[in-house]
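These notes concern the structure reproduced below.
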Amino acid sequence: MTDLLKRNGPVGAIYECSTKGWMNEELFLTWVKHFKKHSAASKENPVLLLLDNHSSHCSLATYEFCRENGIIMLSFPPHTSHKLQPLDLTVFGRLKSAYSNECSLFMRQNIHQKITPYDVAEIFNRAFIHVATIEKVQKGFEVSGIVPYRPNVFTDEDFLPATLSQIPVTAQREPDAHESQPSTSDGNAERQPCASREVEPQPSTSRRADRQPSISQGTESQASTSLLNTDKHPSKVKTNISIEEITALRRVEKRTKQKGKKIRNIKNPHSHSREN
């Protein structure tokens, strides 16, 4: 890594890079070694390190190093860092705002100049020295109930929103193609699967006696007629048709209703010749 990335950065900081720009196990181990140096942790003087459950914190190399150097790692329960992590409560939010303000100031002072990776350390340092104070860090441990220790500073209601993500997801079975689907229209009667049974015909609200089939509806009328076979008893209709056929019949009926007005106005083409 080039030293230009460290230009005017915080004094005493360590500088590392990763391929994707995110924390990984190697970088975290480097940070833990830096933490051990400044905390003077040892087996005789163990130190408690509080952290979240990020995957980079869980590696065999880090575990062995902490065990040999008296660093006790304790992770927060899931979905509680917004209440229990001290730096989240008093430092990180203000640090982000201060860094954003410093970026805006840099662009105003350097017209038509972009912020490059070589400017980040200096801009961050300006924000860091204004926000990261000992008083703010101590306040974070206090409001989170860690130091001084206050186990009842939060109630179960403070963490209720997190329980929504723990509700098990129930798998829904997709209905079979031949199963009846619930109707969204008004009515209390439930639809039953179509099988070979006798059904009573329902009266129509439209005037079908006045309608004459048009040429464009010839194919549709033949399709609907061929699906229904009547016997000697006109009051009953025997059906043995599938859901797909019923759907086709409903489309035909819908189109017929839409064109009903036009159909009633159609006259017999031979009526003129007979009158003449």
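Just so you know, all these numbers are worked out from the coordinates, no wet-lab data involved. All values reported here derive from a predicted model rather than from experimental measurement. Here Cβ is always computed from backbone atoms with ideal geometry, including for glycine, and neighbour counts include all displayed protein chains.
For this structure, a couple of remarks:
- By the Kirkwood approach, averaging reciprocal distances over each pair of separate Cα atoms, the range 70-165 gets a hydrodynamic radius of 16.0 Å.
- Taking Cα centre as origin and charging only the Cβ of basic (Lys, Arg, +1) and acidic (Asp, Glu, -1) residues, the dipole magnitude of the range 31-92 rounds to 120 debye.
- The local environment of Ser144, defined by Cβ-Cβ distances under 10 Å, has a net charge of +1 under the rule Lys, Arg +1 and Asp, Glu -1.
- Backbone amide hydrogens, once placed in the peptide plane, bring Leu49 within less than 5 Å of Ile72, Met73, Leu74, excluding anything fewer than 5 places away on its chain.
- In the range 1-75, the ratio of gyration radius to Kirkwood radius, Rg to Rh, stands at 1.00 when only Cα atoms are counted.
- Highest average first, the peptides 68-75, 120-127, 19-26, 144-151 ordered by how many other beta carbon atoms sit within 10 Å of their residues are 120-127, 68-75, 144-151, 19-26.
- With eigenvalues of the C-alpha gyration tensor scaled by 5 and rooted, the range 33-90, Å: 22, 14, 9
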